[in-house]
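**Student:** Before I ask anything, here is the structure I am working with.
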Amino acid sequence: MKVDEALKIVYEYTIGDNSILYSLRVGLGLNENNYNTLIEAMKILITEYSNKTEVPKKLALCFVDISNYFYFNEGKYSEEEEEKLEDAIHEISSLAGKLFE
């Protein structure tokens, strides 16, 4: 995957019409394929931007207030599902942290 493609994926799955974070928040669950693609794209961008002092503004926008998406309304997910989703969100948050170190 090239950097331009990775950027498009991150944009689409964080702030686009197919946002994983929005889907989780409204109770639609986690699309595993989209999630895995997002993680792969984020890892490519971490490598690309690790030695640079700046990242594209739109990329930074993708992770502004990301913690707001971590709160699920009660009753949307079982306890087991919530644990799985929390793990997924933790991984996204952790990679975002690495991206902006």
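The values are calculated or read from the model by the stated rules, or taken from the named source; none is laboratory data. Every value quoted in this text rests on a predicted model; they were computed, and no experiment measured them. Methodologically, a virtual Cβ is constructed for each residue, glycine included, from the backbone with ideal geometry; neighbour enumeration extends over all protein chains shown. Note: accessible area is taken over every heavy atom of the protein model, side chains too, but ligands, DNA and RNA are not part of it. Shrake-Rupley method; radii C 1.70, N 1.55, O 1.52, S 1.80 Å.
**Student:** Would you mind stating whether G29 is surrounded by 13 or more Cβ atoms within 10 Å (Cβ to Cβ), free of Cβ contacts under 8 Å to residues at least 24 places away in the same chain and assigned to a loop (DSSP other than H, G, I, E, B)? So that I can check it myself, show each step before the final result.
**Tutor:** Numbers: surrounded by 13 or more Cβ atoms within 10 Å (Cβ to Cβ): yes; free of Cβ contacts under 8 Å to residues at least 24 places away in the same chain: no; assigned to a loop (DSSP other than H, G, I, E, B): yes.
When the stated conditions are applied, G29 does not pass them.
**Student:** Let me ask another. Could you list, in sequence order, all residues of region 1-22 that are in a helix (DSSP H, G or I) and open to solvent by 30 Å² or more (accessible area, probe 1.4 Å)? Let's see the steps before the verdict.
**Tutor:** Just the residues of region 1-22 that are in a helix (DSSP H, G or I), to begin with: 3-14, 20-22.
Correct list: V3, D4, E5, K8, Y11, E12, Y13, Y22.
**Student:** So is K57 of a type in the set (D, E, K, R) and surrounded by fewer than 13 Cβ atoms within 10 Å (Cβ to Cβ) or not? So that I can check it myself, show each step before the final result.
**Tutor:** Details: of a type in the set (D, E, K, R): yes; surrounded by fewer than 13 Cβ atoms within 10 Å (Cβ to Cβ): yes.
Judged against the criteria, K57 is a match.
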